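Student: I'd like to ask some things about the structure below.
Just so you know, all these numbers are worked out from the coordinates, no wet-lab data involved. Keep in mind that what you see is a predicted model, and the values were worked out from it rather than measured. Cβ sites come from the backbone with ideal geometry, for glycine too, and all protein chains shown count toward neighbours.
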Amino acid sequence: MPNAHLATYLNDHLAGAVGALQLLAHLKAAHAGTALEPVLTEVHAEVAADREELEALMARLQIAESRPRQATAWLAEKTTQIKLLLDDPSGGPLRLLEGLEAVAIGIEGKQALWRSLAAVAADVAGLQGVDYERLQQRAQEQQQRVEVMRLDAAKAALTDAS
């Protein structure tokens, strides 16, 4: 029987990845044809790869995906979209800023996930054999790319006189 706390923890992060992928898909669609699209596409692909790594790890540990957590992540992402729409109905720089901040927070959480799993891997056989350093590095690179876009959006959103 899998460790219940580990199962909860991994399912929470899997749900977060699902929400992040949905948010990134919305951001990509909203910024199609702009300089942001290739970066958002790349980050989306990497977050999807990270989600697959997490799913494979859960499968190896025989931890089932939590449907209630997946549904909650879906609902949270839809609520986030409504909030962003209310904050900036024009789809302008404030919506982009807040969307990117949500993605950045998710990436920070993912970095914490990989660090936590690396810290306990020696004591949990199913967590061994994963290149946590590579995963942490990829998350750090994602964070850096998102931060460049976020700061540009902050300049546009927070210095606008409207």
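Student: Report, in degrees rounded to the nearest 10, the 0 to 90 angle that the Cα long axis of helix 93-120 makes with the longest principal axis of the chain.
Tutor: Here the helix axis deviates by roughly 20 degrees.
Student: Counting only Cα atoms, I'd like the Rg/Rh figure for the chain, Kirkwood definition for Rh.
Tutor: 1.01
Student: Hey, what did the chain get for relative contact order, percent, Cα under 8 Å, at least 6 apart?
Tutor: On the way: 133 pairs, mean separation 45.7, N = 162.
Answer for the chain is 28 percent.
Student: Which value at 222 nm does the chain reach when only helices count, each DSSP H run of 4 or more adding -39,500 (n - 2.57), with the total divided by all residues and rounded to the nearest 500 deg cm²/dmol? Present the calculation step by step, with values, prior to reporting the outcome.
Tutor: Numbers: 5 runs with 128 residues, N = 162.
-28000 deg cm²/dmol, from helical runs alone.
Student: Can you run phi through the Karplus equation (6.51, -1.76, 1.60; θ = phi - 60°) for the stretch 62-79 and list ³J(HN,Hα) in whole Hz, with x for Gly and Pro?
Tutor: Ordered by residue, 3J(HN,Hα) equals 6, 9, 6, 5, 8, 4, x, 5, 5, 5, 5, 5, 4, 5, 4, 5, 5, 5 Hz.
Student: Something else about it: Once the Cα atoms of helix 132-158 and of the chain are each reduced to a long axis, what angle between those two axes, in degrees from 0 to 90 to the nearest 10, is obtained?
Tutor: The helix 132-158 is inclined about 20 degrees to the chain.
Student: What list do you get for I82, I105, I63 if you sort them by fewest beta carbons within 10 Å? Working shown, then result.
Tutor: On the way: I82 9, I105 13, I63 21.
By the 10 Å Cβ count, ascending: I82, I105, I63.
Student: Taking amide H positions as placed 1.01 Å from N in the peptide plane, with prolines and chain starts having none, which residues 5 or more places from S66, or on another chain, fall under 5 Å of its amide H?
Tutor: Those qualifying (amide H under 5 Å, at least 5 residues apart or on another chain) number zero.
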